[in-house]
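*Asks:* Below is the structure I would like to discuss, written out as structure tokens.
Here, each number is a calculation from the coordinates, and none is a lab measurement. The structure displayed is predicted, hence computed values, not measured ones. No Cβ is skipped: glycine too gets one built from the backbone with ideal geometry, and neighbour counts run over all protein chains shown.
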């Protein structure tokens, strides 16, 4: 997990990572000026801004709710 001061910085990192590494990256907001990128299996504590795979934002219909989270 990495923290960024803006949503656009976190989104850019998520798009790049999800394109280069075969994984899904979640961008979430923890405070007004703090955005976090995390792998899909990391615990998320905040408002999800986007989920990225293969460099693209996944539409909400392709996101899966995980039990117990």
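*Asks:* Could you run through the stretch 46-62 and say how many residues are loosely packed, with under 13 Cβ neighbours inside 10 Å, out of contact with any helix residue (DSSP H, G or I) (no Cβ under 9 Å at 6 or more places or on another chain) and more than 19 Å from residue 6 (Cα to Cα)?
*Replies:* 4
*Asks:* Can residue 43 be described as exposed (fewer than 15 other Cβ atoms within 10 Å of the Cβ), in contact (Cβ under 8 Å) with a residue 24 or more places away in the chain and not in a strand (DSSP E or B)? Walk me through it before giving the result.
*Replies:* On the way: exposed (fewer than 15 other Cβ atoms within 10 Å of the Cβ): yes; in contact (Cβ under 8 Å) with a residue 24 or more places away in the chain: yes; not in a strand (DSSP E or B): yes.
Considered against the rule, which asks whether it is exposed (fewer than 15 other Cβ atoms within 10 Å of the Cβ), in contact (Cβ under 8 Å) with a residue 24 or more places away in the chain and not in a strand (DSSP E or B), residue 43 comes out as yes.
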